[in-house]
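Notes for the one structure printed next.
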Amino acid sequence: MMINYFQRVNISAGIVPMTTPTADAPYYNWDLSQKSLILSSFFWGYVVSQVPAGLLAKRFGAKYVICLATAVGGIMCFFHPMAANGGYINICVLRVLTGLVQGCVYPCFHTLLSKWVPRTERGFLTTGVYSGAQFGTAVILISSGNIFESSMGWPGLFYISGGLGLAWALLFFWQGADEPATSSSISKVEREYIESLTGSNTSSQSLAIPWKDIFTSGAFYGLLAAHCGFTWGFYTLLTEMPTYMSSVLKLDVKSNAVLSSLPYFAMGILCFVVSPISDLLINRGTISVTTARKLFNSIGQWVPMACLIGLGYMTADEKTGAIVLLTLAVGINAACFCGYLVNHMDLSPNFAGPMMGVTNGLAGVTSIIAPLIVGVVLSNEEDPTQWRLVFFITGAIYLLCNLLFVIFGKATVQPWNDPPSMSSTMTLRSNIQTDSRTTAPTPGKENQF
C-alpha cells in the first residue's frame, strides 16, 4: 500500500514545485484550471479499471494482477518529467494511464484480505494493511521537500517512486500467495484456522457473481454512500492541502512538505489505536458488529466534518490552529477503516473483491469531481473565504453520506454470498451463531443501532 501510494500521491506533492520557478529544475506556467485537471485526471483511469480489476483478481488471482499493475505503474513514473516537458495535456494522459493500473490496488487487496484475515481480527489486520496508504502519503510528502532541494529536483520524486514500485512487484511475485491453500510458508494448522474463520470459499474463483442481488441490497447502498463520502473528503484534502498551505498559510516548500505529511502520519498511527478497540468491543460482545461499523464510521466522518467547519474560519495569522484542525480532520478518518472499509468482507467474504471494485469505482467518480469543483470555487487561491466554501462542501458530503450508512448499513453475511452446494460460509455462520464471545451476545443485536 505504501509503494502504490507513492505512485498515486507523487503528483500532489510535485505540483507545487513543478509550477514554481527554481534555479535547478524546470517549471511550468500552468493556471488553476490546468492544475486541477492534472490532479483529477488520475481518477479518470482509476474509475474505469475498478470493476475489471476485481473480476481479473477473482479469475486469475490477485497476486499476479497487483504485481503487474505495480510494475507497470512504476515504469510510467519514469516518464512523468518527459511528459511534463511536452505540456499539461501529456501529463494528464500519463496520469490517466497511471490511474488505470492503480485501479487494481483496492480490489486486489480486498480479494487477498478476504481470504487471509480471520473475522476475529478483521478490524486490526485490515486496518494495518490499509494504513500503508497513510504512511505512504506521509512519507512521500515529508521527503519531497528534501528531494526537491536536492540535485535531482522534483523529477527525482518520480524516479524514486518508480524504482520502488518495480522492486516491490518483484518481491511480492516471489513471496506472495493468493490464499492460504497456495502458500508454502504456513503450517496446515494455521491454514485450516484461517480458512475456518474467513468465510471465503476456496473455490470462489469459479463462482458466479450475484450482481442482481448485490445491486438490490440496501446494505450495499449504505456501504456505497459511506465509501463515496470518505473518498470525497480524503482526496479533496490530499490533492489540495499543499496548495492551501502554500497560498493561504504562506508556508515555504520545505515547511509545506513537512506539515502536509503530518495529518497522514496521525491517520496512520490512529489506525493502530482505533482498530484494536473496535475488535475488542466486538469480540467481548460489548456491541454488535453492525453497531461497531456504524459507530466508528460516524467518528471517522462526522468529527472531521466539524474540524473542516472550524478550518473555514482560519487565516494566515492562525497557522497553528489551522494545522491542528487539518491534522484532526485527516487523522480521525482512520476510524472509517473499522467502518465502511471492512464492510465488504462483512457482507460477502466470497465477493469482497468485486464489491470493492464497484464501490471504489463509483466513489472514484467523486475523486474526479472534487478537484474540479475546487477549481471552479477558487478564482483566487489566496482568498480564505473561497477555501471556506470548499471546506463547507466537503463537510456537507461527510454529513449526508455517513447518515445513509447509519440508516441502511449492515455487517452480517448476506444470503447471496452463499453459492449452492457450498458450505464454507455456512460454517462461518455457524461459528458466528455459537461463539458468543466473538460476536454480538444476544440475537437481534445486529439491528440494534
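Ala133: part of a helix (DSSP H, G or I), open to solvent by less than 50 Å² (accessible area, probe 1.4 Å) and more than 25 Å from Phe351 (Cβ to Cβ), yes or no? Please lay out each step first, then the result.
On the way: part of a helix (DSSP H, G or I): yes; open to solvent by less than 50 Å² (accessible area, probe 1.4 Å): yes; more than 25 Å from Phe351 (Cβ to Cβ): no.
The answer is no for Ala133.
Only one of these is open to solvent by 50 Å² or more (accessible area, probe 1.4 Å), in contact with a Gly (Cβ under 8 Å, 6 or more places away or on another chain) and in a helix (DSSP H, G or I): Leu125, Leu100. Name it.
Numbers: Leu125 fails: in contact with a Gly (Cβ under 8 Å, 6 or more places away or on another chain).
Just a single option satisfies the conditions, and that option is Leu100.
Mind listing just one residue for me: the one in the range 358-377 that is open to solvent by less than 10 Å² (accessible area, probe 1.4 Å) and touching a Leu at 6+ places or on another chain (Cβ under 7 Å) and, of those, modelled with the lowest pLDDT?
Among those residues, the one meeting the criterion is Pro371.
Going by the structure shown, is Phe405 at pLDDT 90 or above, more than 30 Å from Leu249 (Cα to Cα) and touching a helix residue (DSSP H, G or I) at 6+ places or on another chain (Cβ under 7 Å)?
On the way: at pLDDT 90 or above: yes; more than 30 Å from Leu249 (Cα to Cα): yes; touching a helix residue (DSSP H, G or I) at 6+ places or on another chain (Cβ under 7 Å): yes.
Here the answer is yes, as Phe405 does meet what is asked.
Got a number for residues in the range 218-230 being over 18 Å from the mean Cα position of the chain (by Cα) and open to solvent by 10 Å² or more (accessible area, probe 1.4 Å)?
Adding up the residues that qualify gives 2.
Might you let me know whether the range 331-339 holds any residue that is in contact (Cβ under 8 Å) with a residue 12 or more places away in the chain, open to solvent by 10 Å² or more (accessible area, probe 1.4 Å), closer than 30 Å to Gly153 by Cα and under 17 Å from the mean Cα position of the chain (by Cα)? If you could, list the steps in order and put the result at the bottom.
We begin by selecting, within the range 331-339, every residue in contact (Cβ under 8 Å) with a residue 12 or more places away in the chain; these are 331-339.
Retained after the next criterion (residues that are open to solvent by 10 Å² or more (accessible area, probe 1.4 Å)): 332.
Filter once more, keeping what is closer than 30 Å to Gly153 by Cα: none.
There is no residue in the range 331-339 that is in contact (Cβ under 8 Å) with a residue 12 or more places away in the chain, open to solvent by 10 Å² or more (accessible area, probe 1.4 Å), closer than 30 Å to Gly153 by Cα and under 17 Å from the mean Cα position of the chain (by Cα).
If you scan the range 9-36, which residues turn out to be of a type in the set (A, V, I, L, M), assigned to a helix (DSSP H, G or I) and surrounded by fewer than 20 Cβ atoms within 10 Å (Cβ to Cβ)? If you could, list the steps in order and put the result at the bottom.
Pass one, the range 9-36, residues of a type in the set (A, V, I, L, M): 9, 11, 13, 15-16, 18, 23, 25, 32.
From the residues that got through so far, the ones that are assigned to a helix (DSSP H, G or I) too are 9, 11, 13, 15-16, 18, 32.
The one that is of a type in the set (A, V, I, L, M), assigned to a helix (DSSP H, G or I) and surrounded by fewer than 20 Cβ atoms within 10 Å (Cβ to Cβ): Leu32.
Scan the range 149-171 for residues that are assigned to a helix (DSSP H, G or I), modelled with pLDDT of 85 or more and either over 19 Å from the mean Cα position of the chain (by Cα) or surrounded by fewer than 23 Cβ atoms within 10 Å (Cβ to Cβ) (or both) and report the count.
15
Can you tell which of Val289, Val274 is within 20 Å of Asn333 (Cβ to Cβ), open to solvent by 10 Å² or more (accessible area, probe 1.4 Å) and touching a helix residue (DSSP H, G or I) at 6+ places or on another chain (Cβ under 6 Å)?
Numbers: Val289 fails: within 20 Å of Asn333 (Cβ to Cβ).
Every option except Val274 fails the conditions.
The values are calculated or read from the model by the stated rules, or taken from the named source; none is laboratory data. What you are looking at is a predicted structure, and each value in this text was computed from that prediction instead of being measured. A quick note on method: Cβ atoms are made from the backbone with ideal geometry, for glycine too, and the neighbour counts reach across all protein chains shown. Accessible surface areas use protein heavy atoms only, side chains included; no ligands, DNA or RNA. Shrake-Rupley method; radii C 1.70, N 1.55, O 1.52, S 1.80 Å.
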